[in-house]
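Student: Structure below; questions to follow.
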């Protein structure tokens, strides 16, 4: 009995570690599929985290907190969209700037709220299903953001592959000139995709400050935004594989904690490096299959679109 | 390119202008305005469009009738594409009126143009490579049909016009001709009233072009108007009912292309008399460039693997490699220039020095020069100035750098010299290379390499998308180079060009190079068959092959 609960506990923590990654990576996938590389995920997550925390604490409603987190992420992404899609600034530089800006701004907003306690997001147990032994509590007794993260990944898969707007979004990322010549509003579509990415990153941040560790700590995303970016490439821009990637990277994070806990004779710093090392390793491995990545990778990613040339 | 049958005859015309050629029957553009527009589909009055620094269209009057195939002719930069983009709703005109079926119309966007019944097949295809044929078509048509239903509709339309297409194939795996079919079918599904074709045959084999013409004629018979843009004067004479010639943004004349010979059409286009390239009697010498059993495995499914390629080129000789793009020419050029190394050192030799394992600079030192197909990005760096671009391939031969420092004054005088000798029209040698038009950029590239006096020159698609004036200049410079004792290799899919320049021609198909044939033993039709992969019995040019 003891053994089962330990396993359950570990798996529960894996789910928690994977969820912010899954949310942010799903959003970034949509933005990248439309041809926009937004490196500001980390910054958007931080703003999402602080907005969600402040929102929930001041209003007393976790629902308003989640909404505030998403809105914070969207506002950040709109700033990015304005710079890169309207003023045609370089996407890489703007994305990095967005992250730095997010780190600073979230710290500023969060100063009065450091160390304040908040109630963790309530778990929504689905009737009957959550009574299944082992799997029940794991799959069907979670909070709303965990359900949402998985649902959104499937929804994005369906949207991209089975709807006309999804086809158009992929087309815009594949060749903005061709899409424009057919008459699609490239900038508008990309702006919406970027905003979706911002909302999802904001939700990822909200999960961190409302559920994972229900409090506000400066720079509490601790590089998860970057891992989310890596997951998108790892998944070769496929939503289904984003789920696998997020849970894989989540597991590595948790594994690292547990290895430290049971006193494995490896310096803690090396263990903390693990998720990043795995990221690099995976990136190297998949880029060997150059064509297979190319086929899924949006061909116009990161390119500036000048409509009149 | 289709017109190669007649192309040969026209070639003779170019070399020996027919003294009794028919005078041009031009029409006063004003007379045109007064014409009743009874069956007029589209007419444009006083269309003006200016871009910073240039008036691309200067009060253009233009008319196209139902069921007509109407040619739009002009040099690069004459304003053809601007005019077409105005028709297709890409740009809006600064001044002027457009009438569609007799009613004033405003075409606000490409989507609007398609709704009105205007379809366009682009020169640089506007397809999405990583998507299937069906997805590509679904994106462009406003049909409610989806999935299997749309696939069936695609099949029925493509069958009806003899344009075979598999809706489920990925576009990147299609040949250029098949991609064009996708674009055409995409337009046909909208049952257009006006179909705009922008240089459609520049990428087709003669046989494919022939098929295309059949389709276009059939469309015209059904009442669809076709606006046909091309540099190829012969095919315009064969296909089109009317022609409008533009020069520097203005309508020069309207004429019936069947009544005018190609030389006159060309001169109307460029506005001065055209000097056809002339080749003096050539002395071919010993073999200076030879390729032996060159192989290259394809890196990916998008590449072609090269199979056992061998050929020799002698001094003073122009050797042509014909073939439809995508049959391994790009891969071959990379191996000849040294960007990709061969497995054996003996695979490539220059002046009897094996250099198959030597890189680009080593081969340049041996006297090799190459001009790649892709001008911007491969031939020159677009956002570097002309002077800086001279450095890239010329720093050694021109003595432009010393102790790692650049000699800017020398570089400037060299780039000036290139521009002067090769008639590169530019607004200063300090401007970005990307600001030059295709023809001028290509002349600059040719000049940069030729002034280094190469022993072996490789030029890939040297006049692709370039107007007649620049084309003649580039052809002449290649012939001069051969006359001065260099070995010249021209990789091209333009048969007229190869026939005009080359002494011997081999055909590339699916990564294999055919034996070489002397030009006199070939007809356009037989090369066309070889380009399509057919086995043709020809008298092989035994004397020169190997």
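No lab work stands behind these numbers, since they all come straight from the coordinates. Since the model is a prediction, treat every value here as computed from it, not as a measurement. Quick reminder, even Gly has a Cβ in these numbers, built from the backbone with ideal geometry, and neighbours come from all protein chains shown.
Student: Using the structure shown, decide if residue A:193 is closer than 16 Å to residue A:39 by Cβ and either within 14 Å of chain B (Cβ to nearest Cβ) or crowded, with 24+ Cβ neighbours inside 10 Å (or both).
Tutor: Taking the combined requirement at face value, the residue satisfies it.
Student: Go through the range B:166-187 residue by residue and tally those that are out of contact with any strand residue (DSSP E or B) (no Cβ under 6 Å at 6 or more places or on another chain) and within 13 Å of chain A (Cβ to nearest Cβ).
Tutor: Residues in the range B:166-187 being out of contact with any strand residue (DSSP E or B) (no Cβ under 6 Å at 6 or more places or on another chain) and within 13 Å of chain A (Cβ to nearest Cβ): 6 in total.
Student: Out of (1) under 30 Å from residue B:248 (Cβ atoms); (2) touching a strand residue (DSSP E or B) at 6+ places or on another chain (Cβ under 7 Å), the odd one out for residue B:482 is which?
Tutor: Exception for residue B:482: condition (1).
Student: Is the range A:6-19 home to any residue that is in contact with a helix residue (DSSP H, G or I) (Cβ under 9 Å, 6 or more places away or on another chain), under 13 Å from residue A:200 (Cβ atoms) and in contact (Cβ under 8 Å) with a residue 60 or more places away in the chain?
Tutor: Yes, there is a match, as at least one residue in the range A:6-19 is in contact with a helix residue (DSSP H, G or I) (Cβ under 9 Å, 6 or more places away or on another chain), under 13 Å from residue A:200 (Cβ atoms) and in contact (Cβ under 8 Å) with a residue 60 or more places away in the chain.
Student: At positive phi and either touching a residue at least 12 places away in the same chain (Cβ under 8 Å) or in contact with a helix residue (DSSP H, G or I) (Cβ under 8 Å, 6 or more places away or on another chain) (or both) - does that describe any residue in the range A:220-234?
Tutor: yes
Student: Could you grab me the full set of residues in the range B:337-361 that are assigned to a helix (DSSP H, G or I) and in contact with a strand residue (DSSP E or B) (Cβ under 9 Å, 6 or more places away or on another chain)?
Tutor: Correct list: B:337, B:345, B:346, B:347, B:360.
Student: Go through (1) within 14 Å of chain B (Cβ to nearest Cβ); (2) part of a helix (DSSP H, G or I) and name the single condition residue A:247 misses.
Tutor: That leaves (1) as the condition not met.
Here is a yes/no grid of residues against (1) in contact (Cβ under 8 Å) with a residue 12 or more places away in the chain; (2) away from every other protein chain (no Cβ under 14 Å); (3) over 30 Å from residue B:196 (Cβ atoms); (4) surrounded by 23 or more Cβ atoms within 10 Å (Cβ to Cβ):
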{"residue": "A:122", "(1), (2), (3), (4)": "yes, yes, yes, no"}
{"residue": "A:125", "(1), (2), (3), (4)": "yes, yes, yes, no"}
{"residue": "A:138", "(1), (2), (3), (4)": "yes, yes, yes, no"}
{"residue": "A:144", "(1), (2), (3), (4)": "yes, yes, yes, no"}
{"residue": "A:148", "(1), (2), (3), (4)": "yes, yes, yes, no"}
{"residue": "A:154", "(1), (2), (3), (4)": "yes, yes, yes, no"}
{"residue": "A:165", "(1), (2), (3), (4)": "no, no, no, no"}
{"residue": "A:210", "(1), (2), (3), (4)": "yes, yes, yes, yes"}
{"residue": "A:218", "(1), (2), (3), (4)": "yes, yes, yes, no"}
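Student: Further question on the same structure: Test each condition in (1) exposed (fewer than 15 other Cβ atoms within 10 Å of the Cβ); (2) without any contact (Cβ under 8 Å) to a residue 12 or more places away in the chain for residue B:430 and report the one that comes out false.
Tutor: All conditions are met except number (2).
Student: Ok, one more. Tell me whether the range B:211-218 contains one or more residues that are within 27 Å of residue B:527 (Cβ to Cβ), out of contact with any helix residue (DSSP H, G or I) (no Cβ under 7 Å at 6 or more places or on another chain) and within 14 Å of chain A (Cβ to nearest Cβ).
Tutor: Scanning the range B:211-218, I find no residue that is within 27 Å of residue B:527 (Cβ to Cβ), out of contact with any helix residue (DSSP H, G or I) (no Cβ under 7 Å at 6 or more places or on another chain) and within 14 Å of chain A (Cβ to nearest Cβ), so the answer is no.
Student: Next question, about the same structure. Could you go through the range B:176-195 and let me know if any residue there is buried (at least 20 other Cβ atoms within 10 Å of the Cβ) and assigned to a strand (DSSP E or B).
Tutor: yes
Student: Further question on the same structure: With respect to residue B:148, determine if the residue is touching a residue at least 24 places away in the same chain (Cβ under 8 Å) and either more than 8 Å from chain A (Cβ to nearest Cβ) or on the phi > 0 side of the Ramachandran plot (or both).
Tutor: no
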